[in-house]
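To start, the structure itself, in structure tokens.
The values are calculated or read from the model by the stated rules, or taken from the named source; none is laboratory data. Everything numeric here is computed off the predicted structure, so don't read it as measured data. Methodologically, a virtual Cβ is constructed for each residue, glycine included, from the backbone with ideal geometry; neighbour enumeration extends over all protein chains shown. The protein model used for the area step is the full one, side chains on, heavy atoms only, and it has no ligands, DNA or RNA in it. Shrake-Rupley method; radii C 1.70, N 1.55, O 1.52, S 1.80 Å.
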Amino acid sequence: MQKILHIDMNKFYATVEQMLDPSLRGKAIAVCGSTEERHGIVLTASAEAKAMGVRTGMANWEARRECPGLIMVPPQYDQYCKYSKLARGIYARYANDIEPFGMDECWVDISPICRDFNEAEETAHEIRRAVKAELGLTVSIGVSFSKVLAKLGSDMKKPDAVTLLAPENWKERVFPLPVSDLLYCGPATTRKLNARAVFTIGDLAESPVEWVRMVLGKNGVALWQSANGLDRAPVQPADYRREVKSVSHGITCSRDLMTEERVWKVLLELSQEVGHQLRGHGLAARGVRIYIRESDIGYGLMKQTRVQYPTQSPAEIAQAARSLFIENYAWRNPVRAVCVATFDLVPENTALQTTLFDDGTKHVRQRLLDDCVDGIRGRFGKHAIVPAQLLGDLYMPDDGRHSVKMPGLMHR
């Protein structure tokens, strides 16, 4: 039977800030985005701030209303990435299979080194103590035989704690919990279940599976299996890579973009990262898509196009995105947010299909130029060489928030 840990770093951003600046320890602090750059919400809060009513996702002004003495600090994403990697280095002493779930959470399979769940619980305590002693951070760890139950366990007791949900007694502790505590049981799903008198995980587990399928579809069956402890998804190795279907990069601008030239500069800058990621994956794109969000409204424009040759060139991606914008944006409002995406990805060495009327050599020359530029950036940093058009203020926040990988789907 699998012996899986789910390790959750407690109040991660706030704890790192307090560790880096000891004068913040024991005080009500919140790590907040910049109001001026339109990210003015609480990203995480210390225990002292939470006790005063500050919650993740609150607007900055709401947090100050709840806690007048609140200390607001800007995020340092480079530091959070650093300590996330250091923590995973500690986990790697105990296991090969480490599956990240965002920056501050991981599943760790310790089955090869633990004969039973008593040993697994003691190993979890060893990891907890090591993280605290070496990094000055605390973690909560759930120990169980499935990934979903291990995550439930890590939420049960915080901070700096270990919770065991063993095969012989896990139902006693899990079945009374609200069904919304189950991983991937979001607000809409919870409302559907509550409307049908399914309020707890136990209610869901004891419901007929065909009825659950009728109400929620195939995703409901996966939830039902998780509620019954039947999920046996393995923890993926640390180097596991899901098949890449699309590569994108988007941003909410620090100021409204009022002109086509301003939008072009943002499209070009975003395309630099998209091209770099495509190279990292060894892929090229046959299609380019843009998302444009207008100011003052919650929706905007989404358009896509095909490109003549599979590309990973930032210049070609940006030009395709620019054409889409010019042809389709009506300028009813200024632009607030921009995203460039690529789709229909193929291996980068895919042969080019040309005709007598195409200048395929131009595409090849552009690829050689991009190879050279990417090599320079790889050695000296992404700002070592940039298009002249990207000099100056692009109205794009550059605090590193876009290097943070948020939780995605659990690998099944």
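Here are a few things to note about the model shown:
- Accessible area of the chain belonging to carbon and sulfur atoms, whole % at 1.4 Å probe: 52
- log10 of Debye I(q)/I(0), alpha-carbon scatterers only, for the chain at 0.06, 0.08, 0.09 Å⁻¹: -0.31, -0.56, -0.71
- Helix 360-380 axis versus longest C-alpha principal axis of the chain: approximately 50°, rounded to the nearest ten.
- About its Cα centre, the chain has a charge dipole of approximately 360 debye under the convention of +1 per Lys or Arg Cβ and -1 per Asp or Glu Cβ, with nothing else charged.
- Coarse-grained scattering of region 70-183 at q = 0.12, 0.17, 0.20 Å⁻¹, given as base-10 log I(q)/I(0) from a Debye sum over alpha-carbon atoms: -0.45, -0.86, -1.13
- The mean accessible area for residues of region 258-312, using a 1.4 Å probe and ignoring ligands and nucleic acids, is 46 Å² per residue.
- With every protein chain in place and a 1.4 angstrom probe, the accessible-area ranking of E99, E105, E134, largest first, reads E134, E105, E99.
- In the context of the full set of protein chains, residues of region 80-120 present 45 Å² of accessible surface per residue (probe radius 1.4 Å, heavy atoms only).
- Contact order relative to length of region 158-217, as percent, for alpha carbon pairs under 8 angstrom and 6 or more apart: 34
- Ordered by 1.4 Å accessible area with all protein chains kept, E48, E210 run largest first as E210, E48.
- Per DSSP, loop chymotrypsin sites (Phe, Trp or Tyr not before Pro) in region 269-325 with at most 14 further Cβ within 10 Å: Y299
- Principal-axis tilt of helix 147-156 within the chain, Cα atoms, nearest 10 degrees: 70
- Furthest towards positive pole of dipole, L24, L70, I385, structure part the chain, Cβ charges: L70
- The label point for L177 and the one for F343, both projected 7 Å from the Cα toward the Cβ, are 3.6 nm apart.
- Of P234, T200, N219, farthest towards positive along the dipole that unit charges on Lys, Arg, Asp, Glu beta carbons give region 190-253: N219
- Kirkwood Rh, Cα atoms: Rg over Rh of region 120-221: 1.08
- Per residue, region 126-175 exposes an accessible area of 38 Å² to a 1.4 Å probe, with every protein chain left in place.
- Gap separating the Cα centres of region 85-107 and region 1-60, nearest whole Å: 20
- Over region 127-237, relative contact order from alpha-carbon pairs under 8 Å, at least 6 apart, %: 22
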